[in-house]
Each structure stands twice: as structure tokens, then as C-alpha cells.
1. Quick one: Cα convex hull volume of the chain, Å³ per residue?
2. Within the chain, what is the longest stretch that has no chymotrypsin sites (Phe, Trp or Tyr not before Pro) placed in a DSSP loop and near at most 15 other beta-carbon atoms within 10 Å?
3. Can you find, among I108, G25, F67, the residue sitting farthest towards the positive end of the charge dipole of the chain, where Lys and Arg contribute +1 and Asp and Glu -1 at Cβ?
4. Between region 12-68 and region 82-111, how many Å separate their Cα centres?
5. Using 7 Å Cα-to-Cβ label points, what is the W66/L121 separation (nm, one decimal)?
6. At R79 and I19, where each label point lies 7 Å from the Cα along Cα→Cβ, what is the point-to-point distance in nanometres?
7. For n ≥ 4 DSSP H runs only, could you compute -39500 (n - 2.57) per run for the chain, divide by its residues and tell me the 222 nm figure to the nearest 500?
8. So if I place +1 on the C-beta of Lys and Arg and -1 on the C-beta of Asp and Glu, and nothing else carries charge, what would the dipole magnitude of region 3-135 be about its Cα centre? I want it in debye, nearest 20.
Amino acid sequence: MKKITKLKICDWCLLFFTIAILTSGIQLEATHSSGLTPVWIHIITGLLFACLIIYHIYLHCGYSNWFSKIHNQKNQLTRILWWVSLVTLITGLIALVHWLTTFNHAPIGGVHGKLGFLMVLLSMGHIIKRIKFFKRK
């Protein structure tokens, strides 16, 4: 399969998971993270979303140093999205460890949620800037 085809499949999956993680995050925010099932859905969706993001970056950058590749990007939105995504992932993993040990919402989960909303907002900008890629036949 050609790289462009893999990228197209990955990007469509990312579009779906962006909507899914946003919906899940809003649901958790509205219910104050009550209930085990919604939290597990968010965790699984988030992990799949993170894997797709990693694969997306791999398709663009290969095995090279991603930090330097993204740092040298002309597009500032992509660089900001990179850093916000990393911090969102790290806070999400910390919140996951806390939640698995206590099954309670923690302040780090709240920070993760706010960063997650910012990440989705930046992702939407990233998508809109490249909307022609989705429209190509």
C-alpha cells in the first residue's frame, strides 16, 4: 500500500476519533467523571486516538527525530499542537494511573481535560488547514 493511501486511511480514522474523544470528554466533564463505563470508554478511545496520532506522525516523519522535525516546521500551529498533545498524553497517563489506584477523579484529570479540549481545538485548526487532503479523489 502506498504511503499516501496509508495517510488517507489514518487521517480519516483520526477524524473519527477526534469526534469520539471530544464527545467522550464532554460527557465526562458534564457528569464529573461519574460511572466506570464512561471513564473506560474514554480511556480506550484516548489510547486508540494516541496510537493513531503516533502513526500519523510516523507516516510523515519516519524514524527520524520527531522533536527536531516538528520544531523546524514552518507551521506554528503544528508545533503548538505537538507540544499540547505531548502534555495532554502525559497528564492523561498520570490521571490514568491515579484513577486505576483510586477510581476517583483527581485534579490532574481536570488539567488533562482542559488540555484535551485545547488539543482538539488545535487539531480542528490543523484539519481545516489541510481540508483539501480530505476532498481529493
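1. Values: hull volume 16.2 nm³, N = 137.
Hull volume normalised by residue count: 118 Å³.
2. Values: sites that count: Y63, F103.
The longest uninterrupted stretch comes out as 1-62.
3. Toward the positive end, the furthest listed residue is F67.
4. Between the Cα centres of region 12-68 and region 82-111 lies a distance of 13 Å.
5. Rounded to a tenth, the inter-label distance reads 2.4 nm.
6. Placing both labels 7 Å beyond Cα along the Cβ direction yields 3.3 nm.
7. On the way: 6 runs with 116 residues, N = 137.
Result for the chain, helices only: -29000 deg cm²/dmol.
8. Values: 11 positive and 2 negative charges, 155 e Å.
Roughly 740 debye, rounded to the nearest 20.
Read-outs: derived from the displayed coordinates by stated rules, not from any lab. Everything numeric in this text was worked out from a predicted model, so none of it was measured. Glycine gets a Cβ as well: all are built from the backbone with ideal geometry, and neighbour counts include every protein chain shown.
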